[in-house]
Amino acid sequence: MSKDNKQKRGQFKEAWIRLRINRAAMFGLSVIILLIIMAVFAPLIAPYGYDEQHLKMANLLPSWRHLMGTDNFGRDIFSRIIYGSRVSLQVGFIAVGIGVLIGGTLGSISAYYGGIVDNVIMRFIDTLLAIPGTLLAISIAAALGPGLTNAMIAVGVGTVPTYARVVRASVLTVKEQEFIEAAKCIGVKDYKIIIKHILPNAMAPLIVQATLGVASAILSAAALSFIGLGIQPPTPEWGAMLSAGRVYIRDYWHIVTFPGVTIMITIFSLNLFGDGLRDALDPRLKR
Amino acid sequence: MNDVLLNIEDLVVSYTSGNKKVNAVNRMNIVVEKGETVGLVGETGAGKTTTAKAILRLIPNPPGVIEKGKIYFSNENLLSKKESEMRKIRGNKISMIFQDPMTSLNPVITIGEQIAEVIRLHQKVSKAKAGIIACEMLERVGIPKERYDEYPHQFSGGMKQRVVIAIALACNPQLLIADEPTTALDVTIQAQILELMHKLKIDFNTSMIMISHDLGVVAEICDKVAIIYAGQVVEFGTVKDVYKNTAHPYTKGLFAAIPSIKGDRLKRLFYIPGLMPDPTNIPNGCPFSPRCSSKLDICEKCAPKDTYINENHLVRCHLYEEKERELDLCQSY
């Protein structure tokens, strides 16, 4: 570290400084911020309403009037993608949030205490893991009823086992290290050892898994929408747009391509940012 | 100097591995007086670290269990305390320095914060005040306080051990347990750290238990020394008594095995024949008897009792017992 930085800095500011030099991560972050701005100001940016139908102008190729063309109902795809970012980003982040929170808590408790606690929690997780994620999400969504909130819960709970496993594995390796014993030795309480000493050291795989998870959560939500259990039409959602346009792919490539590319760009930037964040949060990696 | 701070009586600690029971510590007796430094010397696996962990009640359970014995600290039995009471003692009244400074600091927290953490846990002070005390501690162990905000990886091994010492002493504990604090360091740094610990021990008026397998280190800074073999103290006394009037055959063997710079270099180094007994199957009599050169008949059948050679010098060996015991009396252990 350079010698001129003598004043005290918080851990987050420190991490931010490290993150800023990582160009790829900054690119990812800018794209994500752009998407979020797009979602917030959707009505101001979108040239048309998301449910405006002009059947005479269906399936138009991209042009200056319709930047990304129109779909089979003559709706402007560009506008729908902008509105769709609201739903898709929400589903992605909140579903992963649910998964990380529940899975992370279960995983770290299970790994830290071990023994019977570990056995009970992990057998429960194994039971969840035995059911394919999508199937689990479908059954939860079917039980709770269709809608945005329920789709998020369904997708979120469906990912709990993955996060529990990832966190457990990484907590197990960290908890055996000597500094954890040293922390016990100075009289730190169990929950504080987990939160302050173990989790920050066990974050790396979780951050990577979570950024990848946002992507798959968007896709799972799309799958739910596809069978009518997720977001209801005409509310636009990237995954749903993708699956709805799938039938026309041979004649009208643009209906599928643009939502697909948007999902790809989002996921790509999330991964770049996630990688950079993992490096930035780890002070062991020097400049 | 006659106030007893720590008194370990007949401590037995065992680990279960598979369906075998391993007696790591066996009838251990140690007394530490206030302001005194006691060295625990023994081979790897003799039970030194297990004893230290037992004092702090940090033996992982399962597989470890403290089976018998009492550990009195300031006249209170630590083994009957609740976990929440123990937490208030750890780091505050008794603290421990680990062998490897490389791994005993949390890599993602600044060293200043790690010192402040222990202060905040045990003293009712504000965050800012804890930071100031932590800075003072850093200066006392010889690290400029400007380095408060740096992370462990930015320090060398010796500097890290200084930080660990600062953490251990931050709450001015009555007892400091140092588990081979210099083993992972090179010799020049070793001397510095030992000197620092000795100086701080006097400044803070702390008693110390120094675990080591280096008789030289022990001679340097300890007042008393306990020689440990197979989980028990075979000889205990002041450094002078043990080093000059060595009594137990095992201790004699240890001293004979130290290489000397003088004398015949072609002569082979002395070693004690045999290995430590298998801890799952410790012999009935004296655990050292299979390797002992002055073994008596009774040694294999009967566990020896503690015999005082003088007031402060104790040995657990049949050679020094006053009269031979009847064989049927040995079943008491």
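Of the residues making up region B:61-89, those losing 30 Å² or more of accessible area when the isolated chain is joined by the remaining protein chains, with a 1.4 Å probe, are B:Arg87.
At a 1.4 Å probe radius, carbon and sulfur cover how many percent of the accessible area of chain A?
Answer for chain A: carbon and sulfur cover 67 percent of the accessible area.
Each part reduced to its alpha carbon centroid, region A:9-80 and region A:174-190 end up 46 Å apart.
Rounded to the nearest 10 degrees, the inclination of helix A:11-20 to the longest alpha-carbon principal axis of chain A is 50 degrees.
Placing +1 on the Cβ of every Lys and Arg and -1 on the Cβ of every Asp and Glu, with no other charges, gives the protein assembly as shown a dipole of roughly 1200 debye about its Cα centre. Enter the buried accessible area of the A/B pair, total of both sides, probe 1.4 Å, in Å² rounded to the nearest 100. Summing both sides, the interface buries roughly 2600 Å². Size check on chain A: the Cα extents along the three principal axes, sorted descending, read 76, 53, 29 Å. If one takes the longest principal axis of the Cα atoms in chain A, at what angle in degrees, from 0 to 90 and to the nearest 10, does the Cα axis of helix A:199-226 lie? So the helix axis and the longest Cα principal axis differ by about 20 degrees. Whole Å is fine, so just give me how far the alpha carbon centre of region B:245-282 lies from that of region B:169-217. Each part's Cα centre sits 25 Å from the other's. Among the residues of B:49-56, the average count of other protein chain beta-carbon atoms within 10 Å of the residue beta-carbon is 1.
Computed from Cα atoms, the angle from the helix B:111-122 axis to the main principal axis of chain B rounds to 80 degrees. Exposed loop positions in chain B were taken to be trypsin sites (Lys or Arg not before Pro) whose DSSP state is not H, G, I, E or B and which have at most 10 other beta-carbon atoms within 10 angstrom. Between these positions, the longest stretch is B:125-261. Contact residues in region B:164-206 by the 10 Å² criterion (accessible area, 1.4 Å probe, full protein complex versus chain alone): B:Ile167. Residues of region B:108-127 that lose at least 50 Å² of accessible area (1.4 Å probe, protein heavy atoms only) when the other protein chains are present, relative to their chain alone, are B:Val108, B:Glu117, B:Leu121.
When a 1.4 Å probe is rolled over the protein heavy atoms, the share of accessible surface on region B:207-333 that falls to carbon and sulfur comes to 51 percent.
The values are calculated or read from the model by the stated rules, or taken from the named source; none is laboratory data. Since we're looking at a predicted model, the values are computed, not measured. For neighbour counting, all protein chains shown are included, and Cβ atoms are generated from backbone atoms with ideal geometry for every residue, glycine included. The protein model used for the area step is the full one, side chains on, heavy atoms only, and it has no ligands, DNA or RNA in it. Shrake-Rupley method; radii C 1.70, N 1.55, O 1.52, S 1.80 Å.
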